[in-house]
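Asker: Take this structure, written in structure tokens, and hold onto it; I'll ask about it next.
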Amino acid sequence: MSQSIPRRTFLEFLGAGTIGFALAPSLLSACREAVPNDQTISKILGIKPSSEDQVILAPGLDYQVLVSWNDPINQQDRFGFNNDYTAFIPDPDNPRAGLLWVNHEYVHPMFVSQYTEGEKTREQVDEEMYHVGGSIVRIQQEEDGQWVLVEGAPENRRINGHTMLPFNWPETIQGSTEAMGTLANCSGGVTPWGTILTCEENYDQFYGERNLETGEWDRSMAHLGWTNFYNNPPEHYGWVVEIDPKTGKGQKHVALGRCSHECATMHQLADGRVVVYTGDDANDECLYKFISSKPGSLAEGTLYVANIEEGRWISLNWEEQTILQEHFQSQTEVLTYLRKAARLVGGSQLDRPEDIEIDPITGDVLVALTNNKPKENYFGSILKLSEAKGQHDALLFQADTYLAGGAETGFACPDNMAFDPAGNLWFTSDMSGSAMNQGVYASFKNNGLFVVPRSGEQAGEVIQMASAPSDAEFTGPFFVADGQTLFLSVQHPGETSKDLRNLSSHWPLGGSEMPRPSVIAIRGATLDTLWG
């Protein structure tokens, strides 16, 4: 899937959605009416790739820094490091105020705990554990349009590597009913009942991994040294975690399986049951779908893995699969060692399945396949799944390449995605700091934010709307309901810095300041133009 596809072919993929735009305005979660099908949007002016240490935006857009790493959010807590997924839950009576959830994926010890070499102290490990997980902050929009953090609001709090979280499962996980902390929190999702699903991704970097057959605990991957002070089993991480932003209470959902979860994208069926799509962000790993058996349940139901070649979802139910019974003792074991189970039943090995979004117009499921360098897929693609008869609980689907990265389309390594209220697709790129601006990635320069307009003369084109600072990537794009603000994380600026005297980025403060991961709010006339 590493080859670029012609624009004409891509427009054919978009065709059904473009026609459906006039037919399904009720699918849009917005405060304004849908754009009439005979209305064409103005030409959108994008930007060229940039290697500057700045957030550079397309004409007609501006941004503000909403909150940065280490900013106080109340008298005790500070905003965490390497912010990723964002989700805004508006107040019922005021769409311009509400709670913002932000993931914190991982730490850079040099910045967070001032560790450089030798043995870490317990105090340094505790500081690093504090800066992962997530932040809940109350924000509101002022009369001038600026968003502000309400410091000290009663809802403001941190969920981190020390927070105790129960497992939502009838059996213990590695002998325990709860886990210490959540970590590696990458992307996520919002439930129909207003809670957050935050996903634990590269957990092995914190606590290693265990070999099911031998029982051996491989700590060599746990390079942060946390296991020297906290001997937490690796099986306690790699789950989808549900957090209530109003109370901070949470739980880990075993039924959704354990892997390097990038996201958890939920769809509610007409009968109240839920479907959750999630990907395993690693080379040659799989795509999953959970279908609940009861309304609103994330514990009772069946987890499936996708076989792309055959276009079908394969059950991972231990009682239904003889091959799983031959290799695992129980359903709990299947879910805990999900990667092995998925391979045994025939799950397709994909190119780093990351974010997943459901097209609000067509119902198609889009999956960002970031890259697979060992297989010489350097640019990645976006996969489209069309569920049989448009039903998200179907067990058959058709798969196509929706959009492929490369020089022709002007982007590489798609990662996080979001649809605006008009159904335009926005996505970010994820070239690593050590790879960008060189080799096959030289022409793309820094990571970016892109939009694919749904209608007008530019329908189907990939337009770059923003460029990230040095070493950084944009993550967690999230639109407010009226489409006039886009929340976006700027993650790991300056991550290739050799030391604190030789920084590769000084964003956002500039000068000689230390880089600080931050959440920004983007506004401007161009967003309104795209919306109509």
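The values are calculated or read from the model by the stated rules, or taken from the named source; none is laboratory data. The structure displayed is predicted, hence computed values, not measured ones. All Cβ positions, glycine included, derive from the backbone under ideal geometry; neighbour counts span all protein chains shown. All accessible areas refer to the heavy atoms of the entire protein, side chains included, with ligands and DNA or RNA removed. Shrake-Rupley method; radii C 1.70, N 1.55, O 1.52, S 1.80 Å.
Asker: Can you pull out the residues in the range 122-151 that are polar (S, T, N, Q) and surrounded by fewer than 14 Cβ atoms within 10 Å (Cβ to Cβ)?
Answerer: Matches in the range 122-151: GLN146 only.
Asker: In the range 307-335, what residues are assigned to a helix (DSSP H, G or I), open to solvent by 10 Å² or more (accessible area, probe 1.4 Å) and either of a type in the set (S, T, N, Q) or in contact (Cβ under 8 Å) with a residue 60 or more places away in the chain (or both)?
Answerer: Matches in the range 307-335: THR322, GLN325, GLN331, THR332, GLU333.
Asker: Turning to a different aspect of this structure: Hey, LEU530 hits all of (1) at pLDDT below 95; (2) surrounded by fewer than 21 Cβ atoms within 10 Å (Cβ to Cβ); (3) within 24 Å of ASP355 (Cβ to Cβ) but one; which does it fall short on?
Answerer: It is condition (2) that LEU530 fails.
Every residue, every condition in (1) part of a helix (DSSP H, G or I); (2) closer than 17 Å to TYR230 by Cβ, yes or no:
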position: GLU171; (1), (2): no, no
position: ALA179; (1), (2): no, yes
position: THR182; (1), (2): no, yes
position: GLY188; (1), (2): no, no
position: TRP193; (1), (2): no, no
position: CYS199; (1), (2): no, no
position: PHE206; (1), (2): yes, yes
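Asker: Which one of these is within 29 Å of GLY215 (Cα to Cα), in a strand (DSSP E or B) and open to solvent by 10 Å² or more (accessible area, probe 1.4 Å): TYR304, TYR288?
Answerer: TYR304
Asker: Could I ask something else about it? Check whether at least one residue in the range 347-356 is closer than 30 Å to PRO453 by Cα, open to solvent by 40 Å² or more (accessible area, probe 1.4 Å), modelled with pLDDT of 95 or more and among the polar types (S, T, N, Q), and report yes or no.
Answerer: No, there is no match, as no residue in the range 347-356 is closer than 30 Å to PRO453 by Cα, open to solvent by 40 Å² or more (accessible area, probe 1.4 Å), modelled with pLDDT of 95 or more and among the polar types (S, T, N, Q).
Asker: Taking the options GLY215, GLY272, name whichever one is farther than 24 Å from HIS108 by Cβ, at pLDDT below 95 and open to solvent by 10 Å² or more (accessible area, probe 1.4 Å).
Answerer: None of the others qualify; the one that does is GLY215.
Asker: Has the range 440-447 got at least one residue that is at pLDDT below 95, among the aromatic types (Phe, Trp, Tyr) and surrounded by fewer than 24 Cβ atoms within 10 Å (Cβ to Cβ)?
Answerer: For the range 440-447, residues at pLDDT below 95, among the aromatic types (Phe, Trp, Tyr) and surrounded by fewer than 24 Cβ atoms within 10 Å (Cβ to Cβ): absent.
Asker: Further question: Before we move on, is ASP471 surrounded by fewer than 24 Cβ atoms within 10 Å (Cβ to Cβ), at pLDDT 95 or above and not hydrophobic (A, V, I, L, M, F, W, C)?
Answerer: Taking the combined requirement at face value, the residue does not satisfy it.
Asker: Here is a list: MET129, MET110. Which entry is under 28 Å from ASN156 (Cβ atoms) and under 24 Å from the mean Cα position of the chain (by Cα)?
Answerer: Testing whether each residue is under 28 Å from ASN156 (Cβ atoms) and under 24 Å from the mean Cα position of the chain (by Cα) leaves just MET129.
Asker: How many residues are touching a Lys or Arg at 6+ places or on another chain (Cβ under 6 Å) and either open to solvent by less than 30 Å² (accessible area, probe 1.4 Å) or at pLDDT below 95 (or both) if we restrict to the range 46-76?
Answerer: Looking only at that region, the number is 3.
Asker: Can you find even one residue in the range 273-289 that is of a type in the set (Gly, Ala, Ser) and without any contact (Cβ under 8 Å) to a residue 60 or more places away in the chain?
Answerer: no
Asker: On to the next question. Restricting to the range 77-119, what's the tally of residues that are assigned to a loop (DSSP other than H, G, I, E, B), surrounded by 17 or more Cβ atoms within 10 Å (Cβ to Cβ) and of a type outside the set (Asp, Glu)?
Answerer: Residues in the range 77-119 being assigned to a loop (DSSP other than H, G, I, E, B), surrounded by 17 or more Cβ atoms within 10 Å (Cβ to Cβ) and of a type outside the set (Asp, Glu): 9 in total.
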